[in-house]
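See structure below.
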Amino acid sequence: MLEGLRVGDSGEKSVEVTRELTIAMHDPSLPEVYGTPMMIYLMEVAAAEVMQPFLPDGWISVGVEVNVRHLAATLKGERVTAKATVIELAKNLVKFEVEAHDSRQLIGSGTHTRAGLDLERFKRGLERREQG
């Protein structure tokens, strides 16, 4: 599994910060700045997109660990780009160095680990949980 994926492989994902991605979406008394969960999600999507071409048919990746610091505020209307770079491969686990930048600076950094798994097997496990 993950044949061909190498340490150093990387990918990026970008988004424009809209009101829906700010902390003000959940509390109008707060400023319209990019929310930490949204930044982490963007980092996870960038990492998932790096892995996906190397997974067997019918497999997906899921996040299993996140260790990220949100370093600076980003205002609504700015663009954020997350980058994920493979730093470690172990069986079906891939560890990434992740970072996010807006047009001015580094706004977040850390690590993120993802696991590859068979989607049908995963769905069967979910069905057993729903029944039991």
Trypsin sites (Lys or Arg not before Pro) restricted to DSSP loop in region 1-93 with at most 11 other C-beta within 10 Å:
ARG6, LYS91
For the chain, what number of Lys pairs, 8 or more residues apart or on separate chains, have alpha-carbon atoms under 20 Å from each other?
4
When the accessible area of region 28-132 is computed with all protein chains present and a 1.4 Å probe, what percentage of it is carbon and sulfur?
51
Looking at the chain as a GNM with Cα springs under 10 Å, which of ILE107, ILE40, ILE23 has the largest mean-square fluctuation?
ILE23
Per residue, how many Å² of accessible area does the chain show with a 1.4 Å probe?
60
From the square roots a ≥ b ≥ c of the eigenvalues of the alpha-carbon gyration tensor of the chain, which class results: rounded (a/c under 1.5), prolate (a/b over b/c), or oblate?
oblate
So the angle from the long Cα axis of helix 119-131 to the longest Cα principal axis of the chain, reported in degrees to the nearest 10, equals 80
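The values are calculated or read from the model by the stated rules, or taken from the named source; none is laboratory data. Since we're looking at a predicted model, the values are computed, not measured. As a convention, Cβ positions derive from the backbone with ideal geometry for all residues, glycine included, and neighbour counts pool all protein chains shown. To get the accessible areas, we keep the full protein, side chains included, count just its heavy atoms, and leave off ligands, DNA and RNA. Shrake-Rupley method; radii C 1.70, N 1.55, O 1.52, S 1.80 Å.
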